[in-house]
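Down below is the structure, laid out as structure tokens.
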Amino acid sequence: MRAALPTFGRALRQAALGRAAPIDLLTPAGVTLARMDVADWSDPLAGDDAMLDACTGATLDVGCGPGRLVAELHRRQVPALGIDISEVAVGQARERGAPAVVCDVFEPVPGGGTWQHVLLADGNIGIGGDPVRLLRRCLELTADDGTVVVETGPPGTGSWRGQVRLRHGAARSPLFWWAAVDADDLAAVADRAGGRVLRMWTVHERAFAEVGEVPR
């Protein structure tokens, strides 16, 4: 993902100016897998409340982007911290009053092992291209009774893993690894990560789940 930071940062700056900031997720052959508008991540989205209602205690938002979810948790007086490897994203999160730091989830994380919830929203289950590794790491970051709140693809959308690149305007990023997880496949991913799905729900065509660590 670090390879995509310059392209991602340009889109974030466009969004901060109130402009549309579309980003295409491309295969190595240039086929469009998905189109996103980074501007959408700055304002509340339908379904956000149903996801954030599961965050009843101190929450770590992994891949927080411009910080809309951390800011909302802060408004709800829920202790929260956002982490992102993009300095532009973290700067925008802080500007909106959301506590955030530049940090890689696979490196030392503030409060590691003490978070009541770790949040993987907006497709961030794909970070690193290995959902099992990522979910295992997020479970490590929670307290003994903590959970990972995950947004997945709706049932039937399919799971995949591979190299992709971002396109924003004329700019294309180098290839990096990414993944997607279909809601129907999350239980298997959680099991391989040492966790179990506690519950699943769908709101506004967005699919969410809460995953806890299997008791040792």
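For every residue, the table says whether it meets (1) within 21 Å of Ser86 (Cα to Cα); (2) more than 17 Å from the chain's Cα centre (by Cα); (3) surrounded by fewer than 18 Cβ atoms within 10 Å (Cβ to Cβ); (4) not aliphatic (A, V, I, L, M).
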| residue | (1), (2), (3), (4) |
| --- | --- |
| Ala121 | yes, no, no, no |
| Thr152 | no, no, no, yes |
| Ala179 | yes, no, no, no |
| Ala187 | no, yes, yes, no |
| Val211 | no, no, no, no |
| Val214 | no, yes, yes, no |
Legend entry - Residues (touching a residue at least 24 places away in the same chain (Cβ under 8 Å), in a strand (DSSP E or B) and either touching a helix residue (DSSP H, G or I) at 6+ places or on another chain (Cβ under 6 Å) or of a type in the set (Lys, Arg) (or both)) located in the range 92-129: Ala100, Trp115, Val118
Inset, instruction - Sort out which residues of the range 12-26 are open to solvent by less than 50 Å² (accessible area, probe 1.4 Å), within 21 Å of Glu87 (Cβ to Cβ) and in contact with a strand residue (DSSP E or B) (Cβ under 9 Å, 6 or more places away or on another chain), and write them in order of number. - result: Ala15, Ala21, Ile23
Inset, instruction - Working only within the range 74-91, note down all residues that are surrounded by 24 or more Cβ atoms within 10 Å (Cβ to Cβ) and part of a helix (DSSP H, G or I). - result: Ala89
Legend entry - Some residue of the range 159-177 being open to solvent by 90 Å² or more (accessible area, probe 1.4 Å) and under 19 Å from Gly63 (Cα atoms): yes
Inset, instruction - Restricting attention to the range 92-116, report how many residues are open to solvent by less than 20 Å² (accessible area, probe 1.4 Å) and within 13 Å of the chain's Cα centre (by Cα). - result: 1
Inset, instruction - Exactly one condition in (1) at pLDDT 95 or above; (2) of a type in the set (Asp, Glu); (3) outside any helix (DSSP H, G or I) is not met by Asp144; state its number. - result: (1)
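The values are calculated or read from the model by the stated rules, or taken from the named source; none is laboratory data. Predicted, not measured: the structure shown is a model, and the values here were computed from it. Don't worry about glycine lacking a Cβ; one is built from the backbone with ideal geometry, like all the others, and counts go over all protein chains shown. Side chains included, ligands, DNA and RNA excluded: accessible areas come from the protein's heavy atoms. Shrake-Rupley method; radii C 1.70, N 1.55, O 1.52, S 1.80 Å.
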